[in-house]
Amino acid sequence: MSTAYFSFLGRLNDFLRRDQQDPIVTVQFRERQSVKHLAESLGVPHPEIGQVQVNGQEGSLHTITQDQDQVEVHPVPNGCPVEARFLLDNHLGRLAAYLRMLGFDCLYENDYDDAEMAEILQQEERILLSRDRRLLMRKVVTQGYCLRSLDSKEQLIEVVRRFDLRERIIPFHRCVRCNHPLEPVSKEAVLDRLEPLTKQYFDEFQICPACKQIYWKGSHYDKMQKLVEEIT
Ligand SMILES: [Zn+2]
């Protein structure tokens with residue numbers, strides 16, 4: 001039996017069991033085990049992990065852990081080196097709507113199974129957002145984030161902070177219902193679908209070419225502006 005000593009920094013401590021929240025976690029293992037495998041056995045999904053140091057030297061998730069190793073595991077630094085495109089796990093519909101309001105491309109269905117999600121991740125470079133650590137630990141996930149909060153607005157703040165999205169927010173240009181980019185449409189073209197007060201007070205409209213939802217700078221827009229202000 002071999003023993004290694006892991007220390008997790010910053011937000012990675014969120015994943016440790018309460019009784020593990022010692023600065024150093026002792027892990028016993030047999031045979032060849034990577035840092036990734038041992039960190040995940042302690043509950044820390046690999047997409048959350050950034051820099052790894054083993055006995056003070058630079059290591060990686062793939063470093064094979066040796067007996068008596070001291071392993072320091074850092075969280076991924078905030079930021080988003082890839083395009084901010086997301087795939088959201090089931091039950092995250094409100095977060096998907098919020099992210100779309102801010103202009104981010106979010107794939108979300110409430111009934112994706114694991115195999116469908118894996119396929120999407122393989123075909124498209126998307127960041128997986130989930131509360132399911134097991135899902136985040138799957139090999140196919142290269143970029144991902146485990147949402148800590150159960151509240152969708154707090155989740156939005158987490159995502160904006162984690163991926164440093166503030167500069168990339170473009171509100172009012174994506175359909176909240178189906179993720180498609182909106183297109184401008186003339187008032188005449190949608191006149192018969194507008195309520196009398198909307199007709200009276202608004203002149204600029206956009207439409208989702210996929211689901212035909214009409215958008216204008218009415219109450220939705222005010223709510224969205226408020227949301228943007230709140231999170232920025
Ligand atoms: Zn739509």
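GNM on the chain, alpha-carbon springs under 10 angstrom: the most fluctuating residue among D19, D151, D222 is D19. Of the residues K139, K187, K217, the one with the largest accessible area comes first in the ranking K139, K217, K187, computed with a 1.4 Å probe on protein heavy atoms. Between region 11-86 and region 136-186, the C-alpha centres lie 25 angstrom from each other. Considering only F202, F86, F15, the Gaussian network model of the chain with Cα springs below 10 Å gives its largest mean-square fluctuation to F202. Rolling a 1.4 Å probe over the protein heavy atoms gives region 31-142 an accessible area of 51 Å² per residue. At q = 0.09, 0.10, 0.16 Å⁻¹, what log₁₀ I(q)/I(0) does region 108-232 have when each alpha carbon counts as one equal point scatterer in the Debye sum? Values, matching the q order: -0.37, -0.45, -0.96. Only Cα pairs under 8 Å and 6+ residues apart enter the sum, and on that basis the relative contact order of region 128-202 stands at 15 percent.
Mean-square fluctuations from a GNM of the chain, with a 10 angstrom spring cutoff on Cα atoms, peak among L95, L197, L136 at L197. Ranking C80, I169, G10 by Cα position along the charge dipole of the chain, where only Lys, Arg, Asp and Glu carry charges on their C-beta atoms, puts I169 farthest toward the positive end. Summarised as an ellipsoid, region 96-174 has semi-axes of 21, 15, 12 Å, derived from the eigenvalues of the Cα gyration tensor scaled by 5 and square-rooted, with the largest first. Note: relative contact order over the chain, using C-alpha pairs below 8 Å and six or more positions apart, is 16 percent. Across region 7-15, computed HN-Hα scalar couplings (Karplus, 6.51 cos²θ - 1.76 cosθ + 1.60, θ = phi - 60°) run 10, 10, 9, x, 6, 5, 5, 4, 8 Hz from first to last residue, x flagging Gly and Pro. Could you compute the longest span of the chain free of GluC sites (Glu not before Pro) located in DSSP loops and having at most 15 other Cβ atoms within 10 Å, not counting the site residues? Counting only loop sites that pass the neighbour cut-off, the longest clear stretch is 126-203. Could you run the Debye sum over the Cα atoms of region 32-143, one equal point scatterer each and no solvent, and tell me log10 of I(q)/I(0) at q = 0.19, 0.23, 0.24 Å⁻¹, two decimals? Each listed q corresponds, in turn, to -1.00, -1.26, -1.33. Ligands, DNA and RNA aside, M224 has an accessible area near 10 Å² when probed at 1.4 Å.
Within the chain, what percent of beta bridges assigned by DSSP are antiparallel, to the nearest 5? So the antiparallel bridges in the chain amount to around 60 percent. Provide, for q = 0.10, 0.13 Å⁻¹, the log10 of I(q)/I(0) from a solvent-free Debye sum over equal Cα point scatterers in the chain. Here log10 of I(q) over I(0) equals -0.56, -0.82.
The values are calculated or read from the model by the stated rules, or taken from the named source; none is laboratory data. Remember, it's a predicted structure, so these values are computed and weren't measured experimentally. Every residue, glycine as well, gets a Cβ built from its backbone with ideal geometry; the counts of neighbours run over all protein chains shown. Note: areas computed on protein heavy atoms with side chains; ligands, DNA, RNA excluded. Shrake-Rupley method; radii C 1.70, N 1.55, O 1.52, S 1.80 Å.
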